[in-house]
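The values are calculated or read from the model by the stated rules, or taken from the named source; none is laboratory data. Keep in mind that this is a model prediction, so the values were computed, not measured. Here Cβ is always computed from backbone atoms with ideal geometry, including for glycine, and neighbour counts include all displayed protein chains.
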Amino acid sequence: MKKLLFVVIVLAIMACEKNPSKIFKGTYKVSGTVEKCPFVQGSTINMQTMDETLHATGKVFMETIKDDAGSFDFGSQEFDTPYAKITATGYFFNEVKGVLSQGMISLNTLVDLSDKSSVNVNLLTHLKSQRIQKLIESGNTFKVAASQAQLELMSAFGLQKYAGKDVSQFSIMSGTDEAAALIAVSSLIQVDRSEADMTEFISKLTNDFGVNGTFSKESKEALSLGRNKLKGQLSNIANNIVTRYRDLGKTITVKPLLYYFDWDANGVAGDEALPEGTNVSLDVNEINAPAEGGTYTVNISSPVTVYLNGNEESPISVISYETIDIYEDGAKKGMLLETILDNNVLTIIVKPAKFRLAGHIEIKLFDYLGTQLSSITVNQDPNPNAGLPTLNDTGRTLLNGVMQSVGRGVLAADRLQRMYTRNGSDVQLTIPLGGNDARLKQAWSATYSTIRTILSARQYDDAQLKIYGPLFDFYLALCYRGMSDLWGGLVYFKDMDDYQDYMNNSFRRTERAAIFGDLISRLEKTLDIVEDKRVYGCQLTLDDCFFMPKNFVKILLGYLLMEQGRYGDAEEYLQEVWESGYYSLNESLPEDASSGSSQYLFGMNQSSNTSQHFVIFSYGDVLLSLAECKFKNGDESSALALVNTVGTTKGWNSNKTDTKQVISYILELRKQEQYPSHFAFLKRNNLAQSELGITNDNWLLLPIPEDEITLTGGSITQNPGY
């Protein structure tokens, strides 16, 4: 009898295991939310009971979503089994677009109510449901099938670290990692798809996963494409969700979504970007290599994989983007580096320097997504024996256009100041000048057009070798010197980014002293790459103009320093030009300066279709400027001697003797020879008022063209007195 009772008990237990619903028959209270984002109020939701093999038992309960947060409540219901399928159909909030959907979708979940009564319906529960059914058909219990499907599904998205909590308990409103994971999957499936397309894609994913516990190759490719499309939208998606729930009277937070996508498809989401609160450290941040080069190693400590170029481990390139090649073949190698990144050790091989300009490259380290994590600066000493790279035909054509523009711009400013100061044969201007004067506007627009051309051409070099920049700076300084003599403070463009700011009406005038200070700093760097050579004349070759001699830079530096009141520094540069012995004063004064006259150091064509030239630097002007510096620095006798040197060459019958009258003697010669930049000389020596009959100090500057003030919406203010 005891043996029979034991058998009955065993059979009863086995029967319960095969038919567990008989144990859990009872009443269950079922509620939850439908979150894709939330379904809107009025969407339908039904629940049907299932047996242990997940076949419908015939009992169905129907409800509607009771609010725009997607909430539902079936109340307390009597169940023959603990298993149920809940299906919701309706409109929803599209978190990617930030709007309500135009069409409806259906989502479901399979649930064991003996474990829970609060059940959420979402995309993850939907994708999981068919897989659970397939596993149960293979002989697994619901609990085993649901657990396996859970791990497989989360692993398919690289989110396996969040598989410990059933997806039917994931809620966007919780602000947890699981909430962010749900948002990530939902956005990934939804991006760039209509409701109909989304329904079709969900069906394909569900069928793929249901059969194999993973996605097909085609589906994986579609998901990968979706990830790439989402990269720049994650912040907007999070904001859309927060705003939507706020409008519903609920305050929620969304974790940074970047960490919930498997961007590199390695099976783990979130390991591509640097975790919050962590950093990348290097044992070396700067390398200083000699001209001969060398090999250096940098040890990298990082919690994520580090790349040199986003997600491509390739050697660094000096040229950062496609651009027009302006150099002869082989010239654009610049500073030569080879980089090898292996097991968080970066090896940098610096090749011997090929140029006379010091090398500087910043090697940037990125995570997989292209976010910069750190950088190493590599400096290299210049090769003093190397030459500058040569230009190809494209580069020379570009440069020829720049020189022609410089000729037009510098001439326009020169002619305007000559008319204003009565220092030439042009028509004299009436003082004060009106802001709508055509000659005023022509000089302004021509010079700024030249500046824009210089900066635009410089971009090509900046994008490749970054070696010709100081040569372009010489012409930039030439233009701003002429304009500042006329208008004082100006809109100062250091590069094309500045010009773009100006076009957006967000740029203002820079004080003259600040402009000259920056230009002086730039010209001092120009001295490092130009040669000390004997070049002069007004019919210089393209190479002589662009690869100007060192003396041209020294002269311009001297002139700018004089305007800053730095006569001691100016004297040093101008003295070096004088002592070079490359130039001489010529008694003959041809109306048109020729290339064979060494008294005319630097001049340019008045236009591309004429042989007429104008002088930019004259040797007599250089010597008189040096005399002015010596006089201001207290060396009056040397200043007088220089003035007499110029004066006797230019027609004086005898030397002047009064050392106190040096400035007056210089003024006499400047007026006689009609040297350029006469306005600047008059102003820095307080002679403009008496010489030009200026009765209002405001007229020591010309008015800004009214059209320019209007164009910028008042960003550029008018000079005082106009």
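Scanning segment 374-383 turns up one or more residues that are touching a residue at least 40 places away in the same chain (Cβ under 8 Å) and over 29 Å from the mean Cα position of the chain (by Cα).
If you go through segment 349-373 and keep only what is under 17 Å from Asn279 (Cβ atoms) and touching a residue at least 60 places away in the same chain (Cβ under 8 Å), you end up with Leu365, Phe366, Asp367, Tyr368, Leu369, Thr371, Leu373.
When Trp699 is tested against the conditions (1) within 18 Å of Asp485 (Cβ to Cβ); (2) in contact (Cβ under 8 Å) with a residue 12 or more places away in the chain; (3) surrounded by fewer than 19 Cβ atoms within 10 Å (Cβ to Cβ); (4) of a type outside the set (Gly, Ala, Ser), the lone failure is (3).
Tell me yes or no: at least one residue of segment 207-218 is in the same structural domain as Phe157 (by TED's automatic domain parsing), farther than 15 Å from Ile172 by Cα and within 26 Å of the chain's Cα centre (by Cα). So far as segment 207-218 goes, no, none of its residues is in the same structural domain as Phe157 (by TED's automatic domain parsing), farther than 15 Å from Ile172 by Cα and within 26 Å of the chain's Cα centre (by Cα). Of the residues making up segment 475-493, none is closer than 22 Å to Ile515 by Cα, among the hydroxyl-bearing types (Ser, Thr, Tyr), at pLDDT below 90 and buried (at least 17 other Cβ atoms within 10 Å of the Cβ). When residues in segment 139-185 are screened for being closer than 17 Å to Thr214 by Cα, in contact with a helix residue (DSSP H, G or I) (Cβ under 9 Å, 6 or more places away or on another chain) and polar (S, T, N, Q), 3 of them pass.
Determine which member of the set Phe472, Phe493 is in a loop (DSSP other than H, G, I, E, B) and either touching a Leu at 6+ places or on another chain (Cβ under 8 Å) or hydroxyl-bearing (Ser, Thr, Tyr) (or both).
Numbers: Phe472 fails: in a loop (DSSP other than H, G, I, E, B).
None of the other options fit; the residue is Phe493.
The sole residue among Thr510, Thr453 that is crowded, with 18+ Cβ neighbours inside 10 Å, β-branched (Val, Ile, Thr) and farther than 23 Å from Gly407 by Cα is Thr510.
Please indicate, with yes or no, whether at least one residue in segment 414-421 is free of Cβ contacts under 8 Å to residues at least 60 places away in the same chain, outside any helix (DSSP H, G or I) and out of contact with any Lys or Arg (no Cβ under 7 Å at 6 or more places or on another chain). Walk me through it before giving the result.
Applying the first criterion (free of Cβ contacts under 8 Å to residues at least 60 places away in the same chain) to segment 414-421 yields 415, 419.
Checking the rest, the ones that are also outside any helix (DSSP H, G or I) come to none.
No - not one qualifying residue is present in segment 414-421.
Residues that are under 25 Å from Tyr91 (Cβ atoms) and not small (Gly, Ala, Ser) within segment 198-222 comprise Met198, Thr199, Glu200, Phe201, Ile202, Lys204, Leu205, Thr206, Asn207, listed in sequence order. Does Ser114 satisfy the criteria of being at pLDDT below 90 and within 30 Å of Asp262 (Cβ to Cβ)? For Ser114, the condition - at pLDDT below 90 and within 30 Å of Asp262 (Cβ to Cβ) - is not met.
If you go through segment 542-564 and keep only what is surrounded by fewer than 17 Cβ atoms within 10 Å (Cβ to Cβ) and touching a residue at least 12 places away in the same chain (Cβ under 8 Å), you end up with Leu542, Gln564. Asn344 passes every criterion in (1) touching a Leu at 6+ places or on another chain (Cβ under 6 Å); (2) at pLDDT 75 or above apart from (1).
Can you confirm whether Ser171 is in contact with a strand residue (DSSP E or B) (Cβ under 9 Å, 6 or more places away or on another chain), of a type in the set (Gly, Ala, Ser), crowded, with 17+ Cβ neighbours inside 10 Å and more than 30 Å from Gly232 (Cβ to Cβ)? The answer is no for Ser171. If you take the residues in segment 513-541 that are surrounded by fewer than 17 Cβ atoms within 10 Å (Cβ to Cβ) and over 21 Å from Ile451 (Cβ atoms), which one is modelled with the lowest pLDDT? This residue is Gln539.
Look through Ile467, Ile431 and report the one residue that is among the β-branched types (Val, Ile, Thr), over 27 Å from Ile361 (Cβ atoms) and assigned by TED's automatic domain parsing to the domain that holds Ser677. Break it down into steps so the answer makes sense when it comes.
On the way: Ile467 fails: over 27 Å from Ile361 (Cβ atoms).
Being among the β-branched types (Val, Ile, Thr), over 27 Å from Ile361 (Cβ atoms) and assigned by TED's automatic domain parsing to the domain that holds Ser677 holds for just one of Ile467, Ile431, which is Ile431.
Each residue in segment 40-72 was checked for being loosely packed, with under 15 Cβ neighbours inside 10 Å and either assigned to a strand (DSSP E or B) or free of Cβ contacts under 8 Å to residues at least 60 places away in the same chain (or both), and 8 pass. Pairs are defined by a Cβ separation below 6 Å, a sequence spacing of at least 6 or placement on different chains, a first member in segment 423-436 that is of a type in the set (S, T, N, Q), and a second member that is in a loop (DSSP other than H, G, I, E, B); the pairs so defined are Asn423/Gln674; Gln428/Arg422. Selection of segment 84-127 for residues being assigned to a strand (DSSP E or B) and under 20 Å from Lys165 (Cβ atoms) yields Ala84, Ile86, Leu107, Asn108, Thr109, Leu110, Val111, Asp112, Ser118, Val121, Asn122.
Per-residue answers, yes or no, for (1) in a helix (DSSP H, G or I); (2) surrounded by 14 or more Cβ atoms within 10 Å (Cβ to Cβ); (3) without any contact (Cβ under 8 Å) to a residue 40 or more places away in the chain:
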site	(1), (2), (3)
Leu225	yes, no, yes
Leu258	yes, yes, no
Asp264	no, yes, no
Gly267	no, no, no
Gly277	no, no, yes
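For segment 280-305, a residue qualifies if it is aliphatic (A, V, I, L, M), within 25 Å of the chain's Cα centre (by Cα) and in a loop (DSSP other than H, G, I, E, B), and the qualifying residues are Val280, Val304.
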